[in-house]
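Below is one structure, written out as structure tokens; the observations come after it.
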Amino acid sequence: MGIDRRQVEHIAELAKLELTPEEIEIFASQLSVILEHFRSLQEVDTGGIPPTAQVIPLRNVLRQDEVVPSLPTEDVLSNAPHKEKGYIKTPPLRE
Amino acid sequence: MAKDYEIVIGMEAHAQLLTKSKMFCGCSAAYAQAPPNSLVCPICLGLPGSLPVVNQKALQQTIMVGLALGCKIRIDPQQIKWDRKNYHYPDLPKGYQISQYDLPIAYGGEIKIALGGEERRIRIRRVHLEEDTAKLLHADRATLIDFNRSGVPLIEVVTEPDIRSPQEAKAYVEKLRQILRYLGVSSGNMEEGSLRLEANISLRPAGSAELGTRTEIKNLNSFRAVEKALAYEVERQRKILEAGGKIQQQTMGWDEAKGVTVLQRTKEYAQDYRYFPEPDLPPLLLNKEWVEEIKSHLPELPEALKRRFIKEYGLTAYDAEILTQEPEVAEAFEEYVAAYPQNPKAVGDRIARSIFPVLKESEDSLAEIKRRLPPWVLGGIIAAKEQGKVTTSTADELAARSARGEIAAADVKALEAVFAQYQRIGTSDSLLPVIEKVLAENPKPVADYLKGKDTVLRFFIGQVAKETKGQADPNLVKELLVRKLEDIRQGGTNQ
Ligand SMILES: [Zn+2]
């Protein structure tokens, strides 16, 4: 079972990507191949293994509630193509 | 013709926690007065290569909320994990919000509400911790983004669909806010957005066990909005159902000015957020002893305090309710009672008569009012009135003007005359023997204090006030009590 055009369009919409019809075809077949690889993992017997969300052997990494200096605002804004009065400016987003 | 429908409501509350720093970085969380984008760092801006680290205080405060709501806390060997909630919107610099999906910190609690003399239990499904998003300012031809709020710790409290009317929803929110404020973990300020609410609501034929299609309502920024928006939505859904129509599952917004709910968007499905475990944050395994310790230090919550006020001071349930609504008021009441323990009821009435109006009509804080009208003055006014030395209207006038800070030189003279026979005991020399006596007579509360139960201080203050017939300065009493108790802790004896 592969991924069809509609699923690619849905994923592209969630990721806010605009795809051409040709790209949709390409990604549909590529994503299907990737899924196939993962399907082979499902054949492994994991019956005795507890569900794992993290493989790094770290636990309980916490910090004290202390304030440290933030970045200078000009640095914060340095990657923004548009800014105004200390704000980052985007096209209007009103829903 | 009108069919009978049952209303089914679930609430989702987001509350900002009162930490100094943000959830996953050391930027200050005090964003309200800060210039835009001045409290931002690579972590809360989601720059590549930055790593979030959990704020211990935020975790502790979430555990406090869970415990106060009677939830189970996920402790070792159960894991707490973090998840990424993915969506694209410019209020999220990372393209995802760090939240908790299937293993929240606390789950399975309840809140009791009283409505029309009837007690109702609203089950709490879960309490989890996440991060707040940036603030967007919508201008005419642009949107401006301020990332200062991005990363401020936010808890989410979700109920089961147990609420059966808009009035119950309002009562639930009031109770939740009250508990958060008593715990001291959130300001609960709805106008400033520190507490934000969403409701989901559906109707079903009375007696039916199946749930109807629900709509979600956002932008509920006041108690009134919660009640009004839900009442509006009940009628909107009822009309559709009675006309034989179907409810669309969708998200509505509450338009306060027009008093209507308006369509925001059709429901996006849960899997659209593509939650997955946050790889940058290791799981938490909470130590049982730590959770027990947090539990033993929980402050007295409104229900317990109300019962104590009724028992200890002989207040009516109504008066106890009024005086425990806000934690600051309850605290002030006990300070005032300590200055005049002979008649707690009169003290409560005097607070309602002379202080509540000032709180309501001005921006002045209770702390400020307490400075202007300290306990010994209020106690003196009540004493003078009860002994027939001043009339009720004079007492009203004196208390009201003191509370407003309008006491002129002439009035101070009048006050002095009134309190000529109302001598304060204000020196440590005269108070220490009394305090020592009270501590010696009450070994059990002393032991409780040494175990970390700070709330017994109020009991001791009350006892000292009784011994001194209310003529001791409560602040001094408190200071001396703490000093004496700490002496005992250091190995001194209580003899
Ligand atoms: Zn930061």
Take the residues in the stretch B:136-163 that are in a strand (DSSP E or B) and hydroxyl-bearing (Ser, Thr, Tyr), then tell me which one is farthest from the other protein chains (Cβ to nearest Cβ).
-> B:THR159
Flagged in the stretch B:145-169 as away from the ligand (no atom under 16 Å from the Cβ) and buried (at least 24 other Cβ atoms within 10 Å of the Cβ), in numbering order, are B:ILE155, B:VAL157, B:THR159, B:ILE163, B:ALA169
Evaluate the following for B:ALA68: is it of a type in the set (Gly, Ala, Ser), closer than 27 Å to B:LEU220 by Cβ and within 16 Å of the ligand (Cβ to nearest atom)?
-> no
Please work out if B:ASN37 is on the phi > 0 side of the Ramachandran plot, surrounded by 23 or more Cβ atoms within 10 Å (Cβ to Cβ), within 14 Å of the ligand (Cβ to nearest atom) and assigned by TED's automatic domain parsing to the domain that holds B:TYR273.
-> yes
Which ones in the stretch B:19-33 are more than 7 Å from chain A (Cβ to nearest Cβ) and surrounded by fewer than 18 Cβ atoms within 10 Å (Cβ to Cβ)?
-> B:ALA30, B:ALA32, B:GLN33
In the stretch A:13-27, residues that are surrounded by 10 or more Cβ atoms within 10 Å (Cβ to Cβ) and more than 14 Å from every other protein chain (Cβ to nearest Cβ) total 6
When only residues in the stretch B:50-98 that are part of a helix (DSSP H, G or I) and facing chain A (nearest Cβ under 8 Å) count, which is farthest from the chain's Cα centre (by Cα)?
-> B:GLN56
Residue among B:GLY184, B:GLY188, B:GLY193, B:GLY212 that is more than 24 Å from B:THR62 (Cβ to Cβ) and either in contact with a helix residue (DSSP H, G or I) (Cβ under 9 Å, 6 or more places away or on another chain) or at pLDDT 95 or above (or both) = B:GLY212
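Could you please give the count of residues in the stretch B:287-311 that are in contact with a helix residue (DSSP H, G or I) (Cβ under 7 Å, 6 or more places away or on another chain) and either under 17 Å from B:PRO344 (Cβ atoms) or among the aromatic types (Phe, Trp, Tyr) (or both)?
At the first step, the residues of the stretch B:287-311 found to be in contact with a helix residue (DSSP H, G or I) (Cβ under 7 Å, 6 or more places away or on another chain) are B:291, B:294-295, B:298-299, B:301-302, B:305-306, B:309-310.
Next, only the ones that are either under 17 Å from B:PRO344 (Cβ atoms) or among the aromatic types (Phe, Trp, Tyr) (or both) stay: B:305-306, B:309-310.
Within the stretch B:287-311, residues that are in contact with a helix residue (DSSP H, G or I) (Cβ under 7 Å, 6 or more places away or on another chain) and either under 17 Å from B:PRO344 (Cβ atoms) or among the aromatic types (Phe, Trp, Tyr) (or both) number 4.
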Is there a residue being over 24 Å from the mean Cα position of the chain (by Cα) and modelled with pLDDT under 90 anywhere in the stretch A:13-24?
-> no
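Looking only at the stretch B:295-338, count every residue that is among the acidic types (Asp, Glu) and under 21 Å from B:ILE111 (Cα atoms) and tell me the total.
Kept after step one, since they are among the acidic types (Asp, Glu), are these residues of the stretch B:295-338: B:300, B:303, B:312, B:319, B:321, B:326, B:328, B:331, B:334-335.
Filter again for under 21 Å from B:ILE111 (Cα atoms), leaving B:300, B:303, B:321, B:326.
So the answer is 4.
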Contacts under 6 angstrom Cβ, first residue in the stretch B:40-54 being among the hydroxyl-bearing types (Ser, Thr, Tyr), partner part of a loop (DSSP other than H, G, I, E, B) and more than 7 Å from the ligand (Cβ to nearest atom), 6 or more apart = B:SER50/B:PRO42
Check off (1) more than 25 Å from the chain's Cα centre (by Cα); (2) crowded, with 17+ Cβ neighbours inside 10 Å; (3) within 11 Å of the ligand (Cβ to nearest atom) for B:LEU47 and give me the number that stays unchecked.
-> (2)
Which ones in the stretch B:72-100 are under 21 Å from A:ASN79 (Cα atoms) and of a type in the set (A, V, I, L, M)?
-> B:LEU92
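Taking the criterion of being part of a strand (DSSP E or B), farther than 30 Å from A:LYS83 by Cβ and in the same structural domain as B:LEU180 (by TED's automatic domain parsing), would at least one residue in the stretch B:128-135 satisfy it? It would help to see each step written out before you state the result.
Kept after step one, since they are part of a strand (DSSP E or B), are these residues of the stretch B:128-135: B:128-131, B:135.
Next, only the ones that are farther than 30 Å from A:LYS83 by Cβ stay: B:128-129.
Within this subset, residues satisfying the condition of being in the same structural domain as B:LEU180 (by TED's automatic domain parsing) are B:128-129.
Looking through the stretch B:128-135, at least one residue is part of a strand (DSSP E or B), farther than 30 Å from A:LYS83 by Cβ and in the same structural domain as B:LEU180 (by TED's automatic domain parsing).
Say whether the condition of being part of a strand (DSSP E or B), of a type outside the set (Phe, Trp, Tyr) and modelled with pLDDT under 95 is met by at least one residue in the stretch B:219-229. So that I can check it myself, show each step before the final result.
From the stretch B:219-229, those part of a strand (DSSP E or B) are B:219-220; that's our starting set.
Now drop any that are not of a type outside the set (Phe, Trp, Tyr), which leaves B:219-220.
Remaining after also requiring modelled with pLDDT under 95: B:219-220.
Looking through the stretch B:219-229, at least one residue is part of a strand (DSSP E or B), of a type outside the set (Phe, Trp, Tyr) and modelled with pLDDT under 95.
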What number of residues within the stretch B:10-27 satisfy the criterion of being part of a strand (DSSP E or B) and either under 9 Å from B:LYS57 (Cα atoms) or within 9 Å of the ligand (Cβ to nearest atom) (or both)?
-> 1
Go over the candidates A:ASN60, A:ASN79 one by one and state the one that is part of a loop (DSSP other than H, G, I, E, B) and within 16 Å of the ligand (Cβ to nearest atom).
-> A:ASN79
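If you go through the stretch B:328-374, how many residues are polar (S, T, N, Q) and within 16 Å of B:GLU406 (Cβ to Cβ)? Give the derivation first.
Pass one, the stretch B:328-374, residues polar (S, T, N, Q): B:342-343, B:354, B:362, B:365.
Now drop any that are not within 16 Å of B:GLU406 (Cβ to Cβ), which leaves B:354, B:362.
Residues that pass the stated criteria total 2.
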With the checklist (1) more than 7 Å from chain B (Cβ to nearest Cβ); (2) exposed (fewer than 12 other Cβ atoms within 10 Å of the Cβ); (3) not acidic (Asp, Glu) in hand, flag the one item A:LEU58 doesn't pass.
-> (1)
Only one residue in A:VAL67, A:VAL76 is in contact with a Ser or Thr (Cβ under 6 Å, 6 or more places away or on another chain), within 7 Å of chain B (Cβ to nearest Cβ) and within 23 Å of B:MET23 (Cα to Cα). Which one?
-> A:VAL67
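The values are calculated or read from the model by the stated rules, or taken from the named source; none is laboratory data. Treat the numbers as computed from the prediction; the structure is a model and nothing was measured. When we count neighbours, we look across all protein chains shown, and the Cβ atoms used for this are built from the backbone with ideal geometry, even at glycine.
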